[in-house]
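Trainee: So that we are looking at the same thing, I have put the structure below in C-alpha cells.
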Amino acid sequence: MFRIPILGRLSFMEYQSLFLTALFFLIEKVVRIMLFFVPIRLINRVLIRLTSDPNRPRPQYQIPTYENFNELAGRWGYSTEEHTVVTRDGYVLGIHRLPESPRQLDSPPTRKPVVLLWHGFMMCSDVFVCMPNQQNSLALYLADAGYDVWLGNSRGNKYSYRHLSRRVWQTEFWDFSIDELAMFDIPDTVDYILAATGAPSLAYIGFSQGTAQMFCALASNKPLNDKISIFLALAPATTPRGFDSDVVNAMVNTSPQVLYLLLGRKEALSIAITWKEILPSDLNVWAYDTCLRFLFGWETRNLGPETKKMCYQYLYSFSSVKTIVHWMQIIRTGKLQFYDEMPVVPNSVFHTGHVCHRYPTSQIDTPIALFHGGKDTLSSTDQLVAKELKKPAYVKEIAHYEHLDFLWADDVKDQVLDDLLVVLKAQDSNYRQCYPAGLPRDIGATVFHPKGELMYSRRPWPNHAKSSVKQTTS
C-alpha cells in the first residue's frame, strides 16, 4: 500500500512551513549557482556599498583571519602538535595538542594532567582558541593552568575530512549519526591520547553535542568510565526542548525520508560555507545573529561586536545530514536514544511495532559537572539531575547565559572558566598527583534557580573527596 511519509503527523500550518522551507532551499541554490560566476571581491564591494553607512567612521581595528588551529594558538605564542587518530571503522580524525604554555613555570613537572576538549555540532577545535581575548579561550586558559590540553574533532569536519576507503563525495562517507561519534570517535581518541601520554585517565570537557557524545559513550561503553577522571559538560545537550521556529519544528515532526529529500544524504548545510566566504564580516555577523534568533530565540547580548566578528568565522564546520535527523528524533521523542531506522508509516513514533533503545545514562559512573544557562533553549539539566544521572559532582546555572555564551561570552572567564578550573582541580586525581601543592583547600557553592529558590547545594570536599549533590526540598 502506498503511504505518504508525513501524512497524519503535521498540521496545515506545518505543511505550509515545510513547503516554504523547500522553496527557500531551491531559491538559495539558484542564487548560489548564479553567484558562482561572479568574483567574490566584486560581490563584497557591492554588498559593502549597499550596507555601509557613509556617515559612520570606519573602525580602525580590522578583525584578522587565521586559517587553522595552529595559527589561532600560535598568535599568542603557544606551541601546537597535530595528531592523527584512525577509528576502528576507518575514519581519519585530526586532533590537536597544546603541550605547553608560554607562561609555564621554569621547572614544569615531567608529566602533566591530561584534558580533552570536544566541540559542538557542526564545529571544530578552532572554537576553543579563537577568542580575541587570550584569557577567555578555554584551551589556552587550561594550558596556562598546567594541563596537557588535547582537542578532538568529529568525523567529517574541517580536520577529520578523510576515510581509509570512502571518499567525501560518496554518500557512504556521510552515513553516520551521534551513535558513531559516541561508539568510535570518542573512545578511539581517548585511547590514542592515553597511549601517547602514558596517563591512566584524562579529564573531558565537552560543549553542546560534545557533551551528548560523551553521555552516549559512557552509557554504552562501561570500560570508558575508568578512563575519564571527570566529565565537565558545558551547555549539556541531551534532550533539547525544540526550536523557536515553526518552520524547523515542522521539520522535527516529519519522517527521515522527507528530511533527506530536503537536505540530501551527505554533508549538512554546506550553504553556510559559501555564504561565509561571500558576505563581508559585518553582514556575516548580522546573518548569524538573525539565524540564531530565528531558530533558537537567542539575543547573543553577552557576545561583544569584536568577539562576534572574530568567532563567527569559526562557527561552522561540516557534519552529516544523518546527525541532524538523529537530533530531530531525539527532540521529537524527548529522550537521548539511538538513531531510529523507523519505517515510513503514519504516526510511526507511536505505532512502529518496535522500541528504539535509549542510552542508559543512569549507569554512568564517571563524576560529572554540569554548567548550563538559564536562557539556553537547547540545554536543560533538570531531567539529567532528577532521572538520568547517578550523582553529578557539581551543578551550576548562570541565569543570563545562552548556549554560545559558554564558549564566547565576554565574561566567560569570570562566569565559567575560573569555577570550572576549581572543580577540575579538585576532582581530577591526575592533577593532584602532578601538582600536589596546587589544590584548593575546599570548594563550596550554591546554585539558585532563576526564580530564586535553592536548587542544589554542595558541601566543601574535605581531603579532596568526591562531592555529592543534595537536592533540597522546600
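Only the coordinates and a few stated rules stand behind these numbers; no lab work does. Source: prediction; values computed, not measured. Ideal geometry is used to build each Cβ from the backbone, glycine not excepted, and the neighbour counts take in all protein chains shown.
Trainee: What order do you get for 310-320, 202-212 when each peptide is scored by the mean count of other beta carbon atoms within 10 Å, highest first? Write down the numbers at each step before the final one.
Mentor: Details: 310-320: 23.1, 202-212: 26.3.
Highest-to-lowest ranking by the protection proxy: 202-212, 310-320.
Trainee: For residue 170, what is the net charge nearby, where nearby means another residue's Cβ is under 11 Å from its Cβ and Lys, Arg count +1, Asp, Glu -1?
Mentor: +2
Trainee: While we're on this one: Using only the Cα atoms of the range 279-322, build the gyration tensor, take square roots of its eigenvalues as a ≥ b ≥ c, and label the shape rounded, prolate or oblate: rounded if a/c is under 1.5, else prolate if a/b is larger than b/c, else oblate.
Mentor: Oblate.
Trainee: Something else: So how compact is the range 263-345: Cα radius of gyration and Dmax in angstrom?
Mentor: That works out to 15.8, 49 Å for Rg and Dmax.
Trainee: By average Cβ neighbour count within 10 Å, what is the ranking of 80-89, 176-185, 118-127, 325-334 from highest down?
Mentor: Result, highest mean Cβ count within 10 Å first: 118-127, 176-185, 325-334, 80-89.
Trainee: Add +1 for every Lys or Arg and -1 for every Asp or Glu among the other residues with Cβ under 13 Å from the Cβ of residue 81, and state the total.
Mentor: The answer is -2.
Trainee: Follow-up question, since we're still on this one. For residue 196, what is the net charge nearby, where nearby means another residue's Cβ is under 13 Å from its Cβ and Lys, Arg count +1, Asp, Glu -1?
Mentor: -2
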